[in-house]
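Trainee: Sharing a structure with you now.
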Amino acid sequence: MAVALRDVTKRFGSVRALDGVTLDVGKGEILGLLGPNGSGKSTLLKVIARLIPPDEGTVLLPANGRAMMRRTGMLFDHTAHWEALTGYENARFFARSYGMEPGAAHDRLESLFSLLDLRDRWDDPVSTYSYGMRRKLGLIEALAHEPSLILLDEPSIGLDYRARVTLAGLLREAARGGAAIVFSTNDVNEAADLAHRVALFDRGRMLVAGEPSVLVGSLGATVTIDLRLKAPIDPRPLGQVSGIEGVGTEEREDGFHVTVIAAPDASGHSSLLARVVHAVAGEGGVVVGVDLHAPGLPDVFLAYTKEGADAP
């Protein structure tokens, strides 16, 4: 285990930013922290990084003090840089501070600056960098020494799409090498795509943690297909289509709608849709609109954080 938190609580005045959090992060694991603004994600990262101490509970790490800091890479919202120094000089300072030899530091930095499309600006003062470029520089500084524990607070903020794809590849590569990675995000789809597990927070409490597919399955939600037709049809034959559990119809202002509910064990959304459309055509129906909803991590987020609702 790379990180273990046991009943961790952190207060700021009367506010419990973290409320009895127990959580493990394994080596080679990417853990995504999800939750509304103010739910405790950033505070948890700072507690793990030992930037702030918990008021109660225990944070267990495989190394202490200087050794732990040399093995940790971190990025938070306000990354400090020397404005008059170049991007390369800033990154080299951090790499050397983490104990990297000059040659190895240069090679690693050249690779990261190139991957994040910042190589042609590494000789420019940071004072000339945009917000997105500063975020890229912060990521380079966090990853340069190939840390075994990586803590990132909303790392994709300010990044262009290509940089986001590159960052995801770098983190997956680091995890394959055994690094434990914890990142916070407000992008549910980013968490679903990148994280091996997600932990959902609200008001300082960890509501649930697990693999995205397992959390989605726990909702018991099913795939629904809504078809808007040019004219009404007899919907009863649709109930005989393989993988269909129920069929409903409704006349709306924009036309006649047929809603199909997939069976829990139905697989292959595209093939199911094709069978349904084929059956509609067999009844003389003309499809003018399709809306397929498959449950995902966004549904888990809404189910657990819905205002005033109890967690499932």
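Trainee: Which condition number in (1) within 20 Å of the chain's Cα centre (by Cα); (2) of a type in the set (Ser, Thr, Tyr); (3) assigned to a strand (DSSP E or B) is the one that Thr9 fails?
Mentor: (1)
Trainee: Report yes if Ser111 is out of contact with any helix residue (DSSP H, G or I) (no Cβ under 7 Å at 6 or more places or on another chain), within 20 Å of Ala49 (Cα to Cα) and surrounded by fewer than 20 Cβ atoms within 10 Å (Cβ to Cβ), otherwise no.
Mentor: On the way: out of contact with any helix residue (DSSP H, G or I) (no Cβ under 7 Å at 6 or more places or on another chain): yes; within 20 Å of Ala49 (Cα to Cα): no; surrounded by fewer than 20 Cβ atoms within 10 Å (Cβ to Cβ): yes.
In short, no.
Residue-by-condition table, conditions (1) in contact with a strand residue (DSSP E or B) (Cβ under 6 Å, 6 or more places away or on another chain); (2) assigned to a loop (DSSP other than H, G, I, E, B):
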| site | (1), (2) |
| --- | --- |
| Leu5 | yes, no |
| Arg16 | no, no |
| Leu31 | yes, no |
| Gly38 | no, yes |
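Trainee: So, one more: Condition first: touching a residue at least 40 places away in the same chain (Cβ under 8 Å), in contact with a helix residue (DSSP H, G or I) (Cβ under 9 Å, 6 or more places away or on another chain) and under 30 Å from Val300 (Cα atoms). Now tell me which residues in the stretch 222-242 satisfy that.
Mentor: Val223, Ile225, Leu227, Leu238
Trainee: Can you tell me which residue is surrounded by the fewest Cβ atoms within 10 Å (Cβ to Cβ) among those in the stretch 184-239 that are basic (Lys, Arg) and in contact with a strand residue (DSSP E or B) (Cβ under 6 Å, 6 or more places away or on another chain)? Before you say what the answer is, go through the steps one by one.
Mentor: Filtering the stretch 184-239 for residues basic (Lys, Arg) gives 197, 203, 205, 228, 230, 236.
Right, trim to in contact with a strand residue (DSSP E or B) (Cβ under 6 Å, 6 or more places away or on another chain) and you get 197, 205, 228, 230.
Values: Arg197: 19, Arg205: 16, Arg228: 16, Lys230: 13.
This residue is Lys230.
For (1) assigned to a helix (DSSP H, G or I); (2) β-branched (Val, Ile, Thr); (3) surrounded by fewer than 16 Cβ atoms within 10 Å (Cβ to Cβ); (4) under 21 Å from the mean Cα position of the chain (by Cα), each residue gets a yes or a no:
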| residue | (1), (2), (3), (4) |
| --- | --- |
| Asp123 | no, no, yes, no |
| Ser127 | yes, no, yes, no |
| Met133 | yes, no, no, no |
| Lys136 | yes, no, no, yes |
| Ala142 | yes, no, no, yes |
| His145 | no, no, no, no |
| Ile157 | no, yes, yes, yes |
| Arg162 | yes, no, yes, yes |
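Trainee: Looking only at the stretch 287-303, count every residue that is surrounded by 13 or more Cβ atoms within 10 Å (Cβ to Cβ) and more than 24 Å from the chain's Cα centre (by Cα) and tell me the total.
Mentor: 2
Trainee: Quick one: how many residues across the stretch 240-280 are at pLDDT below 85 and of a type in the set (Gly, Ala, Ser)?
Mentor: Qualifying residue count, the stretch 240-280: 6.
Trainee: When you scan the stretch 94-107, how many residues do you find that are under 28 Å from Thr185 (Cβ atoms) and more than 30 Å from the chain's Cα centre (by Cα)? Step through it out loud before you land on a result.
Mentor: Of all residues in the stretch 94-107, those under 28 Å from Thr185 (Cβ atoms) come to 94-95, 97-98.
Of the ones still in play, those that are also more than 30 Å from the chain's Cα centre (by Cα) are none.
Qualifying residue count, the stretch 94-107: 0.
Trainee: Something else about it: Here is a check on your reading of the model: is Asp202 charged (D, E, K, R), closer than 27 Å to Ala2 by Cα and touching a helix residue (DSSP H, G or I) at 6+ places or on another chain (Cβ under 7 Å)?
Mentor: Values: charged (D, E, K, R): yes; closer than 27 Å to Ala2 by Cα: yes; touching a helix residue (DSSP H, G or I) at 6+ places or on another chain (Cβ under 7 Å): yes.
Criteria met by Asp202.
The values are calculated or read from the model by the stated rules, or taken from the named source; none is laboratory data. Worth saying up front: this structure is predicted, and the values here are computed from it rather than measured. Every residue, glycine among them, receives a Cβ derived from its backbone with ideal geometry; neighbour counts consider all protein chains shown.
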